[in-house]
Protein chains: 2
Amino acid sequence: MSEKPYTISQVAKMLGVSPSTVSRAMNNAPGVSDSVRKQILEFVDEIGYRPNTVAQSLSRGRSNMVALILGDIRNPFYADLAFGIQKALDTKGFIVTTFNSEYDYKKEKQFIQFAEQYNYSGIILVTVNSEEADKYLGHLDIPVLLVNRITKHYNGPLIVTDNFQAGYIAARHLINLGHKRIGFLAGQNKSSSASSQRFQGFQQALNNYQLDYHADYCLYDLDWRMNTGYQAAESIFSTPRETKQRPSAFLIANDLLALGFMNYCGEHGIRIPDDISIVSFDDIAYSSLHQIQLTTVSQHVETMSKEAADLMLQLLTDPPKEPKRVIIEPTLIVRNTTQHYQEP
Amino acid sequence: MSEKPYTISQVAKMLGVSPSTVSRAMNNAPGVSDSVRKQILEFVDEIGYRPNTVAQSLSRGRSNMVALILGDIRNPFYADLAFGIQKALDTKGFIVTTFNSEYDYKKEKQFIQFAEQYNYSGIILVTVNSEEADKYLGHLDIPVLLVNRITKHYNGPLIVTDNFQAGYIAARHLINLGHKRIGFLAGQNKSSSASSQRFQGFQQALNNYQLDYHADYCLYDLDWRMNTGYQAAESIFSTPRETKQRPSAFLIANDLLALGFMNYCGEHGIRIPDDISIVSFDDIAYSSLHQIQLTTVSQHVETMSKEAADLMLQLLTDPPKEPKRVIIEPTLIVRNTTQHYQEP
């Protein structure tokens, strides 16, 4: 630790100019001659003076910081999203800091308060959907952009995949392959609109094609981790059941759950797609590996992060009168984990 | 946006007490009776007053924020590290914000200055090794903890895997399997001590076992991404060469590069481990999937993040007189991508 840093007044005194001249010189603002500016910049560089940005942000009201609050950065979908948003806003002079809510609305609320207290400029939020969150989302003192989630009462700007459509096209793909007994490994439907809407799209497809929905083919409220997918497969395949009574295909709420599911199947000689077809959601990089080749529905994370950065920038610089809502069309990527239904 | 928030003076005035009484009540500090404290807390809750933490951090000198600066959050090794550190420091009341340097020391420097200017309490840094970085690491006005990197002149606290040892045991494993022509896909040796030390460990093993080091078996300065591993395999296998002149095994600088390498091999009928053995470094979750089963050297990321959080906490609360240096022993995890050398 070095000694206490200089204040702008001390620097101004040493130079024999006013504090505002120092400030103008350092911020490249008009009202200072080139030679004085040069002299000041050389001097502050020499003594290592740096303006106290906290004091500046206090006096200006807002900083150049944007908070990105999401569930779990270990999910590659969110790592890609965070990286894309950071990179895009970095070029515009904004610093994006990332927070993991761990899908807990209390943590989410704490981070939101933190961002307000530290004069963040805005918040990009993959909210934990909950009644509580819906309450506080309405009255925040800071621009908020919802990403990958939709809530009942929030009517501000948002960017979201059409997850109903995603669930629908995934189910339709399996139905077109002749599958009739289709299960669903659902994410946390209560706390994630992405999961609940995919589930609704799945149910709609069953309806449209006059197939029965079997609650006992479905597992609910799975967190989004690989290991949970492994355990789900374990609970499905360790229950003794006639093969004809078992689903021949599954929709799985995200790629991480699907990778865990495939891992269990691989270890236990259950062949994908020969014994079970699976289709999931996200299209993370690992899903396209030759050794995996997971059929999945892409959410176009690059588009999503670009749109999120653009829209946040707009909110910060020139907010539109009506909140903008961007809906991204999902795309089915057919790989090797789905095939035509075969009589067992 | 709502109206301007209350200041503590306004709140104190409304309550008919002094600002310091409000502050003491809200910070649970002594000097306020229980009944007054209760009254104050109820009132501030009712009017929605929140203390301006920026002003507080200014007056106290430091905040409860810790900056974590790393290369690329999309690498699961760093996502795990970041998540573990955040979770551990969160329980101690510190907020950890993550920044991606993209392995660019200019960005790293910019983030460090940002952390200083915003009164961060400390920095956990996976530095881009460079002469420039080594210069500024010596004189920062903020506690710094180096993680997973070691530099020439920095002699402050750090936590690092013994990467020389990691390179050595990986190479020894291949040598013990009878491989004599061993290549290395090296990371960015100039900007990463992890990569350069693994490479030195590899060379040491070759020396100890009297095997030749062939520069033309090695590729250098690969960034750490999956796609780069794919391209490396492409450049190796598309060069016409007698099989006997080709390495029979490769060390690969991290798991992501190895996954990309395996992807290329899978797509082009090159069998691992029958045609080529590979061993890499990190042990990310995807490496243990049944479909992958990558032999790799674990850096024990959970231990590393726990140690990093503990050591940072110590630096912030009760700094040891001598900088603490924690060296983590790496562990070879043998899976299915390595086997005994077979005459082609």
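Every number in this text was worked out from the coordinates using simple rules, so none of it is lab data. Worth saying up front: this structure is predicted, and the values here are computed from it rather than measured. Note that we place each Cβ from the backbone using ideal geometry, even for glycine, and neighbour counts take in every protein chain shown.
Numbers for the structure displayed
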quantity	calculated
For A:46, B:234, B:108, order by how many other beta-carbon atoms lie within 10 Å, fewest first	A:46, B:234, B:108
As computed over the protein assembly as shown, the Cα convex hull volume per residue (Å³)	194
Contact order relative to length of the stretch B:81-232, as percent, for alpha carbon pairs under 8 angstrom and 6 or more apart	17
Residue order, fewest to most beta carbons within 10 Å, for A:218, A:265	A:218, A:265
Rel. contact order, % - alpha carbon contacts under 8 angstrom, at least six apart, the stretch A:200-344	21
Residue exposure sequence - A:287, B:238, A:18 - by fewest surrounding Cβ within 10 Å	B:238, A:18, A:287
Charged-residue dipole, Cβ positions (Lys, Arg, Asp, Glu), the protein assembly as shown about Cα centre, Debye nearest 20	1180
Structure-based [θ]222 nm, chain A - -39500 (n - 2.57) summed over DSSP H runs of at least 4, per residue, nearest 500	-13000 deg cm²/dmol
Hz values of 3J(HN,Hα) by residue in the stretch B:267-273 - Karplus curve (6.51, -1.76, 1.60), Gly and Pro given as x	5, 10, x, 8, 8, 10, x
Of B:134, B:34, B:282, the one that fluctuates the most in a GNM where chain B has Cα springs shorter than 10 Å	B:34
Choice from A:200, A:117, A:188 with maximal GNM fluctuation in chain A (Cα, 10 Å cutoff)	A:117
DSSP beta bridges in the protein assembly as shown [antiparallel fraction, %, rounded to 5]	10
Cα-based equivalent ellipsoid of the stretch B:181-323: semi-axis lengths in Å, sorted from largest, via gyration tensor	33, 18, 13
Rounded tilt (10° steps) of A:34-47 against the dominant C-alpha axis of chain A	70
FRET efficiency estimate (nearest 0.05) - Cβ-Cβ, residue A:329 to residue B:113, R0 41 angstrom	0.50
Additional length obtainable on full extension of the chain from residue B:153 to residue B:271, 0.36 nm per residue less Cα span	38.1 nm
Over chain B, relative contact order from alpha-carbon pairs under 8 Å, at least 6 apart, %	16
Chain B: most fluctuating residue of B:332, B:259, B:211 per GNM, C-alpha cutoff 10 Å	B:211
19 Å Cα-Cα threshold exceeded, pairs from A:152/B:87; A:190/B:87; B:107/B:135; A:38/B:135; A:92/B:107; A:107/B:92	A:152/B:87; A:190/B:87; A:38/B:135
Cα convex hull volume per residue for chain A (Å³)	172
